[in-house]
Amino acid sequence: MNVSVVLFTADLRLHDHQPLRAALESAPEVVPLFVRDPAVDRAGFSAPNRLAFLADCLTDLDAGLRERGGRLVVRHGDPVAEVCAVAREADADEVHMAAGCSGFARERERRLRHALESDGRRLYVHDGVVTVLPAGEVTPGASDHFALFTPYYRRWSAEPPRSPVAAPGSVPVPQGVRSDELPSRAAVAAVSEGLALGGEREGRRLLTAWMSRHVDAYRERHDDLAGDVTSRLSPHLHFGTVSATEVVHRARSRGGAGAEAFVRQVCWRDFHHQLLSARPDTATKDYRPRDDRWRHGKQAEADLRAWKEGRTGYPVVDAAMRQLAHEGWMHNRGRLLAASFLTKTIYLDWRDGARHFLDLLVDGDVANNQLNWQWVAGTGTDTRPNRVLNPVLQGKKYDPIGAYVRRWLPELADLEPPLIHEPWKLSAADRSSRGYPDPIVTLADGLARFRRARGQDQAVQGTSQTGKRRTTDAC
Ligand code: FAD
């Protein structure tokens, strides 16, 4: 056999890439291929921030391949039709790709396998490229997936991850395979001003710099909103410009409590992927329905708009939403606060919040976004589904000197704590001169509405009908 095709999807790198390794072992020449699928645009998943980051990643992948004597072939169209066409043009017998976890990815694999086999060719799908452990590799026995994180983390940690594979020294690509133009970031409109740079080189630089500077303090400082010392690797993990397996290897070989706390966070990513893989419907449906009757109507629409614009009147929530708009990225503590505020304090459907996040997040991904939203909304895997985060207490705790709020809300930049977290306590004249809104709802009203909606209002008096004390946590 002379040629193999490697289809790149969510694995836009040369280091630790088993499909590329396998293709090079089975044939002297390979066609590295990326197919830009218009179905992703039609499904509303092509947010400008991700398209711009993707353009960086493809440009960098092409540059890395050229350094190794090859190049990237890019095609636009249905991936099944395009892969078959490229395989025919190059006379390739095999196609290699990474396994995906979403229903969309699995259906693409199924169609591709069928089409290639009808053409006398073979598809090899490699596990453990996108995640550390393949989805479904560990199960609790009675079920096809883990529904709780802690037991999953225990099992996941007991499985030795495979060793990362080195980047190939050379990648010979046959002549004459047509490629469309590489996309460019400059051609993408409506990109967030502060969007990070994509590409494997940048991902590896970030990983190395962050490991040497911040990982040791990760356990103590990961919730520090203004400190901003989490890794910011999420877009690179989403596009696969860094390998999750390599990230875990590097953290574990460094050792220490900070590194392990970080590895635990990476495990959340695998956890959500194994759940989505087993239950693809959770991308849109409640994992654990709570009989919610989310608010609708004019006031609900106005509240959603205020939340999106960062004008709820709760500074830490608004700061987080403005960070999202400016960078296409948000700190994890900000995501928790913004999502709790939407689903609990103003009691709007988590799908509306998740949609807005997906429209902006550079790391926006179905498994992590939808299942984290469900976790916060209490329809997912959280064992305390009715906990409500209090944005004032959380602001004081995770932004104690108000530096995060000051960074994103110029209207409040001259304030100090505690007023910076409670600007409604300023005089009416001061408030109106700043142009910063009063709260769209009081926390007490929001909490009472949520308790009623979840049938928790009795808990305020004491016990539920079953005699068990039922409470809505507010923290
Ligand atoms: P670090 O703290 O450095 O963590 C390292 C890596 O671990 C991250 O890059 C990420 O891949 C993974 N990770 C960390 N926390 C989580 C988590 N809770 N769930 C899954 N993986 C995690 N993450 C996304 O990658 N894409 C999303 O679309 C996304 N949407 C979210 C929506 C909501 C409502 C919430 C609460 C969280 C969401 N997260 C999402 C998870 C988390 O907020 C981000 O992964 C994290 O903030 C990225 O920053 P970092 O790379 O600096 O993380």
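Any read-out appearing in this document is the output of simple, stated calculations on the displayed coordinates, not a laboratory observation. Note that the structure is a prediction, hence the values are computed from the model and not measured. Virtual Cβ from ideal backbone geometry, glycine too; neighbours counted across all protein chains shown.
Numbers at a glance
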| item | result |
| --- | --- |
| Some residue of segment 117-127 being more than 14 Å from residue 4 (Cβ to Cβ), of a type outside the set (Phe, Trp, Tyr) and outside any loop (DSSP other than H, G, I, E, B) | yes |
| Cross-chain or 6+ apart pairs with Cβ under 8 Å, segment 373-400 first and on the phi > 0 side of the Ramachandran plot, then basic (Lys, Arg) and outside any loop (DSSP other than H, G, I, E, B) | 378/344 |
| Any hit, segment 87-98, residues being out of contact with any Leu (no Cβ under 8 Å at 6 or more places or on another chain) and closer than 29 Å to residue 364 by Cα | yes |
| Residues located in segment 144-171, provided they are of a type in the set (Asp, Glu) and over 15 Å from residue 132 (Cβ atoms) | 144 |
| Residue that is surrounded by the fewest Cβ atoms within 10 Å (Cβ to Cβ) [pool: residues in segment 306-345 that are among the aromatic types (Phe, Trp, Tyr) and more than 9 Å from the ligand (Cβ to nearest atom)] | 307 |
| Helices (runs of 4 or more DSSP H) wholly inside segment 162-255 containing at least 1 residues that are away from the ligand (no atom under 15 Å from the Cβ) and touching a residue at least 60 places away in the same chain (Cβ under 8 Å) | 200-213 |
| Residue check, residue 30 buried (at least 19 other Cβ atoms within 10 Å of the Cβ) and in contact with a Lys or Arg (Cβ under 8 Å, 6 or more places away or on another chain) | no |
| Any hit, segment 5-19, residues being of a type in the set (A, V, I, L, M), surrounded by 19 or more Cβ atoms within 10 Å (Cβ to Cβ) and more than 22 Å from residue 244 (Cα to Cα) | yes |
| Single match in 249, 272 (criterion: more than 19 Å from residue 12 (Cβ to Cβ), crowded, with 17+ Cβ neighbours inside 10 Å, out of contact with any helix residue (DSSP H, G or I) (no Cβ under 9 Å at 6 or more places or on another chain) and not hydrophobic (A, V, I, L, M, F, W, C)) | 249 |
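Residue by residue, here is whether (1) more than 14 Å from residue 353 (Cα to Cα); (2) among the hydroxyl-bearing types (Ser, Thr, Tyr); (3) part of a helix (DSSP H, G or I) holds:
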residue: 293; (1), (2), (3): yes, no, no
residue: 302; (1), (2), (3): no, no, yes
residue: 305; (1), (2), (3): no, no, yes
residue: 320; (1), (2), (3): no, no, yes
residue: 326; (1), (2), (3): yes, no, yes
residue: 334; (1), (2), (3): no, no, yes
